[in-house]
Amino acid sequence: MRYLNTQVTWPSKSLQLGVLASVDLIIVAVSITLAAFGRYGMDAFIRIQATGEVTLWQYAAIGGGWLFALWIVGSYGVQLLQSGVEEFRRVATASALLFGVIGTFCYLTQNDFSRGLFLLLFLIGVPLLLLGRFVRRMLLNNLRRRGYFQSPILVAGAAVSVDEIAAVLRRERWLGYRVVGALTPNDLTETPAGVPVLGRTHDVANIVRGTDMYGVVFTEGAFPEGSSHFRRTAWQLEQMDIEMMVVPAMTDISAERITPRPIAGLPLVMIDRPQAQQAGRWVKRLFDILGSALFLTVASPILGLVALAVKLEDGGPVLFSQVRVGRNGELFNCLKIRSMVVDAEARKAELMKQNQGAGVLFKMAKDPRITRIGSFIRRFSIDEVPQFWNVLRGDMSLVGPRPALPTEVALYDRDTSRRLDVRPGLTGLWQVSGRSNLSWEETVRLDLFYVDNWSMMQDMTIMARTAKAVLGSSGAY
């Protein structure tokens, strides 16, 4: 077994929770203060004999009750603080619980609690708490991307599975996990991708004992001898401050489709059906129509200026139309503002040897066919704004898989063809997860994940992340 040396770069759990609780305390105090002054003015914290007056101890009771409600619903669970919407859902649940208790108490005791104060507390406090959690997460994620607060972990499993997990964690640095080594069921020195193997999976307790390891990720093939070995490993790690994470054999399934249902000691998981059909329903279409119409209206002045610049540069046409494959294989003309020279398609063949695109895609970081104004509008995706017209027409959706060329679709295998079960999107998971920097396999995996796990909330999240990706121009060329 190799000597394992890790360096603590991850704040301790107690420190994380202490900081979070302190921030919540400040936000609750500020919310109560603002609500009190909004209701009573400068006499907010002076006890006077008036109907509906709230005293200092009642303000304190509300603040303490709010923090207790946040704790009782589990909003301080470290596992919730990494990603997903569960953290925000629990904050909202805790707030609703508190105000439900206040309302019930006032009704039963005939307490004439100020309705104005009650309403202001809710309208000010809940958004501020949610905003505080959101800002905390964004700041921490940005620090993680820069290499700070990375928690050292081991990945245990078959070498191929270890490499898959390590590749995802290296790309998604905002998650805060730094893979320092692997554990495999066989004697190896390193995995095919170069992750150092520090020992065998059955010896994980001895390997992590006395180190600053944050956790161990168990993936497919970790215990070929059977589940009893995993149970013994869990017993061995019971006394250590080590997180245990399991990557199930079923991948690319969103949490919304998973319902744990233990039966007779077996950890059964119920999986809802894929959501491709739901992605074509009227709710998403209505969202597309309203969103595209609004954006076209707002962006029309910018489109006019860009169109003038394109025309003045070389006198060629402003719009570029290209046949793309839509839902169920239907062809449509995808519109863009022309960002290349007029004869760009004719010159493509001579540049194929310099192709940097993944899989069936053609991409070049410094494509000589791109015009000067084209370089600018491509950097911020302005060239794609006319596609909102495609969305309005129903050829595309605001969010979905990348619209493909017929020549690309001709090379699709059976799995990749499932991308065509929904309308292609102006943006998608591929856009917010790396754009041109992704491999073809990773692009397909993200698109298939979107097709199978569609939800309206996911669309809203992707739209928000797209704005950040476009403004940062990451991976755009």
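Helices (runs of 4 or more DSSP H) wholly in region 367-477 with at least 1 residues that are among the β-branched types (V, I, T), surrounded by fewer than 17 Cβ atoms within 10 Å (Cβ to Cβ) and at pLDDT below 90 - which ones?
Qualifying helices (runs of 4 or more DSSP H): 406-409, 456-472.
So is N186 outside any strand (DSSP E or B), closer than 23 Å to L429 by Cα and at pLDDT below 90 or not?
Taking the combined requirement at face value, the residue does not satisfy it.
For H202, work out the one condition from (1) modelled with pLDDT under 85; (2) closer than 12 Å to V155 by Cα; (3) in contact with a Lys or Arg (Cβ under 9 Å, 6 or more places away or on another chain) it doesn't fulfil.
Evaluating H202 over (1) modelled with pLDDT under 85; (2) closer than 12 Å to V155 by Cα; (3) in contact with a Lys or Arg (Cβ under 9 Å, 6 or more places away or on another chain) leaves (2) as the failure.
How many residues are buried (at least 16 other Cβ atoms within 10 Å of the Cβ), small (G, A, S) and farther than 20 Å from V91 by Cα when one looks only at region 107-148?
1
How many residues, within region 36-73, are part of a helix (DSSP H, G or I), under 21 Å from A96 (Cβ atoms) and modelled with pLDDT under 70?
0
On the given criteria, is S417 within 20 Å of the chain's Cα centre (by Cα) and hydroxyl-bearing (S, T, Y)? Walk me through it before giving the result.
Values: within 20 Å of the chain's Cα centre (by Cα): no; hydroxyl-bearing (S, T, Y): yes.
No.
Would you pick out the residues in region 1-35 that are among the aliphatic types (A, V, I, L, M) and modelled with pLDDT under 85?
Across region 1-35, the qualifying residues are M1, L4, V8, L15, L17, V19.
Pairs needed: first member in region 135-150, closer than 15 Å to V179 by Cα; second member anywhere, buried (at least 16 other Cβ atoms within 10 Å of the Cβ) and of a type in the set (G, A, S); C-beta distance under 7 Å; at least 6 residues apart or different chains.
R144/G176; F149/G176; Q150/G176
So for region 159-174 (the condition being modelled with pLDDT of 85 or more and either in contact with a Cys (Cβ under 9 Å, 6 or more places away or on another chain) or polar (S, T, N, Q) (or both)), does at least one residue qualify?
Taking every residue of region 159-174 in turn, at least one turns out to be modelled with pLDDT of 85 or more and either in contact with a Cys (Cβ under 9 Å, 6 or more places away or on another chain) or polar (S, T, N, Q) (or both).
Tally up the residues in region 264-321 that are under 30 Å from the mean Cα position of the chain (by Cα), in a helix (DSSP H, G or I) and either surrounded by 12 or more Cβ atoms within 10 Å (Cβ to Cβ) or not polar (S, T, N, Q) (or both), please.
21
Working only within region 117-163, note down all residues that are part of a helix (DSSP H, G or I), among the charged types (D, E, K, R) and farther than 19 Å from L97 by Cα.
R136, R137, R144, R145, D163
For the structure I just gave you, tell me whether L169 is closer than 30 Å to E220 by Cα, of a type outside the set (F, W, Y), without any contact (Cβ under 8 Å) to a residue 24 or more places away in the chain and surrounded by 15 or more Cβ atoms within 10 Å (Cβ to Cβ).
yes
Looking at region 86-116, which of the residues that are assigned to a helix (DSSP H, G or I) and charged (D, E, K, R) is farthest from G65 (Cα to Cα)?
Here the answer is E86.
The values are calculated or read from the model by the stated rules, or taken from the named source; none is laboratory data. Treat the numbers as computed from the prediction; the structure is a model and nothing was measured. Cβ coordinates were reconstructed from backbone atoms using ideal geometry, including for glycine residues, and neighbour counts include every protein chain displayed.
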